[in-house]
Amino acid sequence: MARSLTLGAWLALRRGGHTAVPPPERPALGPGERLVWLHGSGSKGALLIPALSGALAADGQKARIVVTLDDPGEPASGPLTVALPPDYRQPVRAFLDAFRPDVLVWAGAPLRPVLLSEMRERPMLRLLVDADEQTLTLAEGGWIPGAVSGLLPVFHHMLAVDHLTAQTIERLGIKPDHIEVTGTFEPLLSPLPCNERDRRDLAATIGPRPVWHAASVPMAELHDVIAAHRHAARAMHRLLLILAPARAADMAAMAETLRDSGLRVALRADGEEPAPSTEVYLAEGPGEAGLWYRLAPVSYLGGTLTGGATDHPFEAAALGSAILHGTRTSPHAEAFARLTRAGAARALRSGQALGHAVEALLAADRAAAMAAAAWEVTTTGAVVANRIAGLIRERAEAA
C-alpha cells in the first residue's frame, strides 16, 4: 500500500533537526530466547509484563520482554524499561539498529509516524493490540486520517478492543482478516490471598446469614455505611456487615462510633467471631481484603464517596464480590468504568443510595449476575495475552 501524502509530508518534516540520543543496549538473550518489545500507553506497558510473560511461558516460548515509555521524558521505572527515542529519523534509526527486537507489541498507545515507518523493512513481527480510539491518532498530531491509514499497514495483525474500533480500522484500508476483536489488554492482578482455614471457619460461623462488606472505609464515610446497613437490615433479617477500616489506626474510633449508634459489634482484633446477634464484624484494617471479598457477595469500595479510594476494583471482581462504589474513583477510574459498563459494578451518586443498593443486590440475588460479569471483565487481559502469544508462535512456526 502506497504511503499517503499526509504521512509523507509528516516524515519529511522529521528527517533531521534533533540531537542524537544514545540508544539503549540490547539485552543479553539466552538460547532460543526472543526479544519482545512491549510499548504501552503511559505507564501501562510495564503493568502488562506479567500477563504477556505468563502467556508466553504457558505456550512454551522463551522471551525477554522490554518496555518503552509513551513519554520520552519519563524516567525509566525498572531494569526492563527503557526510554523511547524522540520521533525523528536519526534517533529512531539509532534506537532500532541497537535494539533489534524480534517482536513489537504496540499496546493502545498513539502512533509514532517516524518510529513505525522505519520498522517497515525490518525483520520483526509487529502487532497492534488494545487498539481503541486513542490508538488511531498520532502521538503529536492527533487524528490525521491520511497519516493513520498510512501507518496501520506497518502492523501484521491488529487486536481491537471493540467492534466499533475494528470497523474504523477496516475503513482505513486494513483487510478484515488482519483484524480481531479481543477486548481490552488489561494488567492481570494476582488474586488477593487469604487464610483458607479462616475462610472456612468464618463461612461456617456466618452460615446462611446475608452478608455484605464495606472495604477500606475512611472515617468520613462511616456514618453513610452505618445508615446503609440500618436501611438494608430492615428488609433483610440478620444482615451482617463486615467493615474494614481504611486505616488500622481508626479501628478503635470506629468501634466506639458503631456502638454509640446502637449496633452490636464484634472485633476481629480481639479474637472475636461474629455471634448470631452480631450486626457488624469489624476487621483490623485493609490487610485481609482477600478473605472478606470471598465471604461477601456484595462489597462497597470505600473512599469512592468522599475521595481517596485506593483499592483496585478488579481485586473484588476477581474474587466474586459484586461492587458498589461512589463517583470518586481516581486513580482507578477506567477500571471502575469498565466494570460499570459491563454490569459488574454499580455507581452511586451519594451515600444515601448505598443502603438501597445493598438491599436490592442481596434480595434479588443480582450480585451473582454482577459477579459473573465481573469475571468476564477481569479475565479479558488473559485472553488477549494468550492470543498475542499465539500470534508470536504462528509467526515463528511459519519462518
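Does Asp311 meet the test of being among the charged types (D, E, K, R) and either farther than 24 Å from Pro286 by Cβ or modelled with pLDDT of 95 or more (or both)? The answer is no for Asp311. Residues in the range 96-136 that are basic (Lys, Arg) and surrounded by 19 or more Cβ atoms within 10 Å (Cβ to Cβ): Arg112, Arg126.
Listed by position, the helices (runs of 4 or more DSSP H) inside the range 106-183 whose residues that are free of Cβ contacts under 8 Å to residues at least 24 places away in the same chain and farther than 21 Å from Leu52 by Cβ number at least 1 are 163-171. Among the conditions (1) over 20 Å from Pro110 (Cβ atoms); (2) modelled with pLDDT under 95; (3) in contact with a Pro (Cβ under 8 Å, 6 or more places away or on another chain); (4) not basic (Lys, Arg), Ile206 misses just one, which is (2). Residues that are outside any helix (DSSP H, G or I), crowded, with 18+ Cβ neighbours inside 10 Å, in contact (Cβ under 8 Å) with a residue 24 or more places away in the chain and aliphatic (A, V, I, L, M) do not occur anywhere in the range 352-374.
Taking the range 285-334 as the range and being free of Cβ contacts under 8 Å to residues at least 40 places away in the same chain and surrounded by fewer than 24 Cβ atoms within 10 Å (Cβ to Cβ) as the test, the residues that pass are Gly287, Gly307, Thr327, Arg328, Thr329, Ser330, Pro331, His332, Ala333, Glu334.
Determine if the range 386-398 includes at least one residue that is of a type in the set (A, V, I, L, M) and touching a Gly at 6+ places or on another chain (Cβ under 7 Å). Checked against the condition, which is being of a type in the set (A, V, I, L, M) and touching a Gly at 6+ places or on another chain (Cβ under 7 Å), the range 386-398 yields no hits at all.
The values are calculated or read from the model by the stated rules, or taken from the named source; none is laboratory data. Remember, it's a predicted structure, so these values are computed and weren't measured experimentally. For neighbour counting, all protein chains shown are included, and Cβ atoms are generated from backbone atoms with ideal geometry for every residue, glycine included.
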